[in-house]
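Worksheet: the structure to be examined is printed underneath.
The values are calculated or read from the model by the stated rules, or taken from the named source; none is laboratory data. Please read all numbers here as calculations on a predicted model, not as lab measurements. Cβ placement follows ideal geometry from the backbone for every residue including glycine, while neighbour counts extend to all protein chains displayed. Ligands, DNA and RNA are stripped out before the accessible areas are found, and what is left, the full protein with its side chains, is counted by its heavy atoms. Shrake-Rupley method; radii C 1.70, N 1.55, O 1.52, S 1.80 Å.
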Amino acid sequence: APAFHATDDLPDQLSGRPDVLVAPVLAPDPLLLDALDRRLAEAIPAGMQPDGLVLVSAGTGYPQARSLLDSVADAWGGRNGVPGISAYASMSPAAGEALRTLRDRGCERVAVGSLFIAPGRLPAAARESALAAGAVTVTEPLAECDELVTLVVQRYRRTASGPIGPPD
């Protein structure tokens with residue numbers, strides 16, 4: 001998402017390095033939603049259909065990034081025919097809080113999707129919060145999902161080939 005690392009930290013660290021290009025952030029993109037669906041299919045108990053989805057990421061105070069993450073969570077829920085909301089590992093709402101919000105709206109089988117690339121402290125905290133609140137499952141980080149790899153390669157190619165516009 002267009003948060004601190006993408007908009008400030010990396011550009012500052014790489015200023016004066018014309019040999020290094022920075023590609024646009026990965027969200028939003030249909031391939032990201034495909035990767036989330038893959039992880040959900042891998043994690044959900046056989047025969048169970050969630051009736052709500054929580055999309056958990058690290059967390060950001062950047063309003064533009066939070067808005068984008070809300071729209072990704074909503075789009076993910078929409079493509080699965082259920083409500084989807086976002087949550088954060090390092091700030092409110094935490095995964096457990098978001099899960100309880102969906103429960104208050106009548107959802108009984110809430111699954112939590114991890115918008116993390118790799119395992120670590122924040123994904124573990126999000127998993128713990130979600131499971132303690134009664135999530136039916138928490139997906140693994142996206143890591144080596146084919147869809148994520150394809151998305152990263154696409155961003156690389158677009159960035160390396162010259163000026164880029166919005167994602168397809």
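Only one entry in Asp37, Asp29, Asp70 is farther than 24 Å from Glu144 by Cβ and of a type outside the set (Gly, Ala, Ser), namely Asp70.
Restricting attention to segment 126-163, which residues are part of a loop (DSSP other than H, G, I, E, B) and either charged (D, E, K, R) or open to solvent by less than 70 Å² (accessible area, probe 1.4 Å) (or both)? Across segment 126-163, the qualifying residues are Ala133, Gly134, Ala135, Val136, Thr139, Glu140, Pro141, Leu142, Ala143, Glu144, Cys145, Gly162.
Here Gly162 meets each of (1) at positive phi; (2) touching an Asp or Glu at 6+ places or on another chain (Cβ under 9 Å) with one exception, condition (2).
Only one of these is modelled with pLDDT under 95 and within 20 Å of Val152 (Cβ to Cβ): Ala65, Ala35. Name it. Show your work before the answer.
Values: Ala35 fails: modelled with pLDDT under 95.
After applying the criteria, what remains is Ala65.
One line per residue, one yes/no per condition, for (1) open to solvent by 30 Å² or more (accessible area, probe 1.4 Å); (2) without any contact (Cβ under 8 Å) to a residue 24 or more places away in the chain; (3) over 16 Å from the mean Cα position of the chain (by Cα):
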position	(1), (2), (3)
Pro83	yes, no, no
Pro93	yes, yes, no
Thr101	yes, yes, yes
Gly113	no, no, no
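Name every residue in segment 3-20 that is polar (S, T, N, Q) and part of a helix (DSSP H, G or I), in order of residue number.
First, the residues of segment 3-20 that are polar (S, T, N, Q): 7, 13, 15.
Matches in segment 3-20: Thr7, Gln13.
From the set of residues in segment 21-33 that are in a loop (DSSP other than H, G, I, E, B) and open to solvent by less than 50 Å² (accessible area, probe 1.4 Å), which is farthest from Leu68 (Cα to Cα)?
Residues of segment 21-33 in a loop (DSSP other than H, G, I, E, B): 21-29.
Going one step further and asking which of them are open to solvent by less than 50 Å² (accessible area, probe 1.4 Å), we end up with 23, 25-27, 29.
On the way: Ala23: 17, Val25: 11, Leu26: 11, Ala27: 8, Asp29: 11 Å.
Filtering first and then ranking leaves Ala23.
Using the structure shown, decide if Ala23 is over 17 Å from the mean Cα position of the chain (by Cα), modelled with pLDDT under 95 and of a type in the set (A, V, I, L, M, F, W, C). So Ala23 passes the test. Entry remark, segment 1-44: residues being touching a strand residue (DSSP E or B) at 6+ places or on another chain (Cβ under 7 Å) and of a type in the set (D, E, K, R) number 1 in total.
Which residues, counting only those in segment 34-64, are assigned to a loop (DSSP other than H, G, I, E, B) and either touching a residue at least 24 places away in the same chain (Cβ under 8 Å) or open to solvent by less than 60 Å² (accessible area, probe 1.4 Å) (or both)?
Filtering segment 34-64 for residues assigned to a loop (DSSP other than H, G, I, E, B) gives 44-51, 58-62.
Result: Ile44, Pro45, Met48, Gln49, Pro50, Asp51, Ala58, Gly59, Thr60, Gly61, Tyr62.
In segment 1-18, the residues that are open to solvent by 50 Å² or more (accessible area, probe 1.4 Å) reach residues that are of a type in the set (A, V, I, L, M) with C-beta atoms within less than 9 angstrom, at least six apart or across chains, in these pairs: Phe4/Ala65; Thr7/Val25; Thr7/Ala65; Leu10/Val22; Pro11/Val22.
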